[in-house]
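Data block below; observations after.
Values in this text are rule-based calculations from the coordinates and carry no lab data. Bear in mind that the values here come from a model prediction, so they are computed numbers and not experimental data. Heads up, the Cβs are rebuilt from the backbone with ideal geometry, glycines too, and the neighbour counts pull from every protein chain shown.
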Amino acid sequence: MTVRAFEPKPMRLSLLTAALQELTPRARRDADPDLAIEEWLQFARELDCPAIQLSAALHPSQADVPAEALLDPVANHLDLRAPFDRNRARRVLAAIDATGVALSDIAYFDNMLVADPDARQRKHEFMLRVFDTAALLGVDAVCGFVGRNAELEMDQNLDLFEEEFIPLLKEAKARGLTYRVEQCPMPGWVVTDRWHNHIAYAPGPWIALHRICEKHGVGDQFRIHYDPSHAILMGQDTRSVFQYLKDEGYNFLISGFHVKGQVADARGISAWGYGGQTMQRGDWKDGAPSPSPADHGNAWKKQVVLCEHELPGTARHDPLAYLQNRSVDWLDHQLAARELLDLDPAKTWLVVEHEYPRARIQDPALLAPILKGSLAFTRAIDAAAAAMYALQHEVLPSQGIPVQGVGREAYRS
């Protein structure tokens, strides 16, 4: 009998910098585009966070969607109005060395299939600058969306993905990068009644998209950066999502995680169902989309009447909600990832993403203890899952000792 040692494997911890958009005020960072990165690396060190996911976005002067129309405004901490060159890279790498804080990856969340061809070209050109930056900084992945042309049906968007997105993946491949897709359905992205405004929202679409990627030799570039909050929004549970991928032979697709929760609002679901608020939202005026961008933010009532984002650790422990798929069961999330997905935990990033509206504080002194608490919770819950997995799947079986109880099962909640 070969007795296995107890060797738990924790995942790697990171934090999306959009958690604090104005750490470096706009006037200072516009004048000195890399100052925001330096100050975020220092802030992360103060939080005892070993890495950051660096947020990139079109500058407000170049963006097609104004900030007031967004549910969670993006942050251009990586400012690419001018291309990122070797001189800029040396400065950022020096700050990484000085702080000891790593870059897990770069994040640019935008609609890469948007209907307007000029806007789409602008976003693609920006994405290529993001790819170049990632290569210069030595990170191996970029995280973002695929998007959707809201004027086309889903099957037509698959064709558009092949025409427009595959070339981006070929550029990623040429730079040695992986593109990790967060699966938010983005219901409020448009003021129409369309709810799925991002085609890569669930396992069925992921598999369809990956098959297109394989046909063009970029299957290894397309991966999923899984966020369990979106599963709650769509009535799914994470264990069943992972089990489905395993059943279909695609459990290799998930290669990273956004650690963000969701707390469902039973009253809102009772009022509107899982499609969200479908009328009288305030995004239309006199039978047409409102001319005010601020009114367009009301399109997000398709989502926010149903639920509220959780910063990990800010929601109460609620076993009934876990079983009803109305809150993220974080311990089982981390167990299921180890039990069902084809990944190496020690090489997998857990990126804390802060979108809890009532804690979206732009004062670093006030936000720091909140983020510290969430990071500590994430680290601890993953350590617990790593310990349980090592004990139950390695140590006990090596000695012929059964694991007790039943545990959560896929396709039952």
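Looking at GLY256, GLY273, GLY261, GLY235, which is the one that is within 21 Å of ALA321 (Cα to Cα) and crowded, with 18+ Cβ neighbours inside 10 Å?
The match here is GLY261.
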#### Entry: Criterion: free of Cβ contacts under 8 Å to residues at least 60 places away in the same chain, crowded, with 20+ Cβ neighbours inside 10 Å and closer than 22 Å to GLY256 by Cβ - qualifying residue of ALA56, ALA44, ALA19, ALA36
ALA44
### Query
In the range 199-232, which residues are out of contact with any Leu (no Cβ under 8 Å at 6 or more places or on another chain) and crowded, with 20+ Cβ neighbours inside 10 Å?
TYR201, PRO205, HIS225, TYR226, ASP227, PRO228, SER229, HIS230, ALA231, ILE232
### Task
May I ask you to list pairs of residues, at least six apart or on different chains, whose Cβ atoms are under 7 Å apart, with the first in the range 291-317 being in a helix (DSSP H, G or I) and the second being among the hydroxyl-bearing types (Ser, Thr, Tyr)?
HIS296/SER290
### Residue satisfying all of: in the range 302-337; of a type in the set (Lys, Arg) and surrounded by fewer than 24 Cβ atoms within 10 Å (Cβ to Cβ); farthest from the chain's Cα centre (by Cα) among these
ARG316
### Query
In the list ASP155, ASP118, ASP132, which residue meets the criterion of being out of contact with any Gly (no Cβ under 8 Å at 6 or more places or on another chain), within 28 Å of ASP34 (Cα to Cα) and without any contact (Cβ under 8 Å) to a residue 24 or more places away in the chain?
ASP118
### Message
Just checking, does the range 346-369 include any residue being hydrophobic (A, V, I, L, M, F, W, C), touching a Gly at 6+ places or on another chain (Cβ under 9 Å) and farther than 29 Å from LEU253 by Cβ?
### Response
no
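Is at least one residue of the range 331-339 in contact (Cβ under 8 Å) with a residue 40 or more places away in the chain, small (Gly, Ala, Ser) and not in a loop (DSSP other than H, G, I, E, B)? If you could, list the steps in order and put the result at the bottom.
Filtering the range 331-339 down to residues in contact (Cβ under 8 Å) with a residue 40 or more places away in the chain leaves 331-339.
Add one more test, that the residue is small (Gly, Ala, Ser), and what stays is 336-337.
Adding the requirement that they be not in a loop (DSSP other than H, G, I, E, B) leaves 336-337.
Yes, the conditions are met somewhere in the range 331-339.
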### Single residue of VAL65, VAL92 found to be out of contact with any Cys (no Cβ under 8 Å at 6 or more places or on another chain) and under 28 Å from GLU163 (Cβ atoms)
VAL65
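Out of the helices (runs of 4 or more DSSP H) lying entirely within the range 202-268, which hold 3 or more residues that are out of contact with any strand residue (DSSP E or B) (no Cβ under 7 Å at 6 or more places or on another chain), aromatic (Phe, Trp, Tyr) and at negative phi?
Values: elements: 203-215, 228-233, 238-247.
Those helices (runs of 4 or more DSSP H) do not exist here; none qualify.
For every residue, the table says whether it meets (1) more than 22 Å from the chain's Cα centre (by Cα); (2) buried (at least 17 other Cβ atoms within 10 Å of the Cβ); (3) small (Gly, Ala, Ser); (4) within 25 Å of ARG12 (Cβ to Cβ).
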{"site": "ASP97", "(1), (2), (3), (4)": "yes, no, no, yes"}
{"site": "LEU113", "(1), (2), (3), (4)": "no, yes, no, no"}
{"site": "PHE131", "(1), (2), (3), (4)": "no, yes, no, yes"}
{"site": "LEU137", "(1), (2), (3), (4)": "no, yes, no, yes"}
{"site": "ASP140", "(1), (2), (3), (4)": "no, no, no, yes"}
{"site": "GLN156", "(1), (2), (3), (4)": "yes, no, no, no"}
{"site": "LEU160", "(1), (2), (3), (4)": "yes, yes, no, no"}
{"site": "GLU163", "(1), (2), (3), (4)": "yes, no, no, no"}
{"site": "ALA172", "(1), (2), (3), (4)": "no, yes, yes, yes"}
